[in-house]
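Data block below; observations after.
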Amino acid sequence: MVRMDNDMPFLLQYENVAWYSKGKVRILDRRVYPTEVRFVECTDYHEVAQAITDMVTQSAGPYTAVGMGMALAAWQARHMGMAAQLAFLKQASYDLSHARPTTANRYGQITGRCVDVAAQALEQDKDPIQAIVENTIESLNRRYSTMQIVGDQLASLIPNGGTILTQCFGETIIGTVMRAVRKYGKDFKVFCAETRPYLQGARLTSSCFAQMGFDTTVITDNMVAYAMEREHIDVFTSAADSIAQDGYIANKIGTFQIAILAKYFGIPYYVTGIPDRDKRSKNDIVIEMRDPQQVLCYRDIPNTVPKVNGIYPSFDVVPPHLISGVVTDKGVYVPYLLNQYFATDVKSFY
């Protein structure tokens, strides 16, 4: 099978996201990368779900992890009868897909398909574990291929020699836009907002761009206005964890305020991703609330005295009037017309 992670930075190579082998799933611990390259090993699919909940992997990483977690579930159920195996896998599908609430719909598409391919393999007296692993790799290839089209579209919107600002870690779009600009003979500079409280922009996004030879600068989250005014930012871009059909999007907390600043300074904001068919409006977007301790400390070092309170909503919901365009595999859509994306056939992205 031809893999689509060629010419990708370390973080985006399949084995360095999540990988199943011999009754274990290895997941790169993005909470400590690049300070340390460490993998979390899971021997039970519940451990995979917990790793996703704990943000061992994040962004699009859980799309891979839930698929590999389903392979691990199939390994755990390998000595059961067929009916019991399928019941076990259906429960695993639910548990893994609900590891984080905001993107449960996307995870569920992957885990549900894993149940289907396992059932087909069992009916044909084939190995369901191998069938799930192969299905997960096919899903990865499909997503990387689709996002390459999105990356090509985004690259065409970035002026040659220009400067972009990113928020959080956009996963696949990071690698595909880099491949696209190199293919077109273009180049750009990158400013990465650090993205508190886990610093995904500083640790993950900047690492990918720098490893691939791009001029990369990290700024703290409270330097965005300064950078937009004085550092010649041409484009603000982010991925999205949810894209509702009414043009509202959810992305890492902090995206909303950067979008407001981009509108103030006249900088276009392009969101990348595939709209969610089952999210008709912003009311369908669930905001995950995480442990406030993750705001009050970093890497187990407290930032405050014990009596201080914290709040940690994982995502912002950005209204369509702040979004210049939603960049998809079918083209760039005005956010108010996103429902047109589904006017023609849509292949499964996940």
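Just so you know, all these numbers are worked out from the coordinates, no wet-lab data involved. Everything numeric in this text was worked out from a predicted model, so none of it was measured. Methodologically, a virtual Cβ is constructed for each residue, glycine included, from the backbone with ideal geometry; neighbour enumeration extends over all protein chains shown.
The share of C-alpha pairs in segment 198-295 whose separation exceeds 15 Å stands at 69 percent. Seen from every direction in turn and averaged, the convex hull around the alpha carbons of segment 272-331 projects onto 6.5 nm². Binning the C-alpha pair distances of segment 4-114 at 5 Å intervals from 0 yields a P(r) profile of 2, 14, 24, 23, 19, 11, 5, 2, 1, 0 %, listed from the shortest bin outward. Fewest-first ordering of L261, L86 by other beta carbons within 10 Å of each residue's beta carbon gives L86, L261. The angle between the Cα long axis of helix 61-76 and the main principal axis of the chain comes to about 10°, on a 0 to 90 degree scale.
At q = 0.19 Å⁻¹, what log₁₀ I(q)/I(0) does a Debye calculation on the Cα points of segment 152-343 give, no solvent, two decimals? Once normalised to I(0) and log-transformed, intensities are -1.34. The largest-to-smallest principal axis extents of the Cα set in the chain are 65, 54, 40 Å. Using 0.36 nm per residue and subtracting the Cα-Cα separation, the extra length available between K24 and Y264 on full extension is 81.5 nm. Between their Cα atoms, which of K126/K279; K22/K126; K90/K279; K252/K282 are more than 27 Å away from each other? Pairs exceeding the cut-off: K126/K279.
Identify the residues of segment 149-191 with backbone N under 15 Å of a label point that sits 7 angstrom from the Cα of T217 along the Cα-to-Cβ direction, or state none. 161-166, 188-191, by backbone N distance to the label point. Here the sum of -39500 (n - 2.57) over DSSP H runs of 4 or more residues, divided by the residues of the chain, equals -12000 deg cm²/dmol at 222 nm, to the nearest 500.
Note on T35 and D345: their simple-model spin labels are 5.0 nm apart, each label 7 Å out from Cα toward Cβ. Its relative contact order, with pairs defined as Cα atoms under 8 Å and 6+ residues apart, puts segment 152-343 at 21 percent. Over the chain, Cα pairs under 8 Å with separation of 6+ residues give a relative contact order of 14 percent.
For segment 79-160, the average shadow cast by the Cα convex hull is 6.9 nm², which is a quarter of the hull's surface.
Segment 83-115 and segment 263-317 have Cα centres separated by 24 Å.
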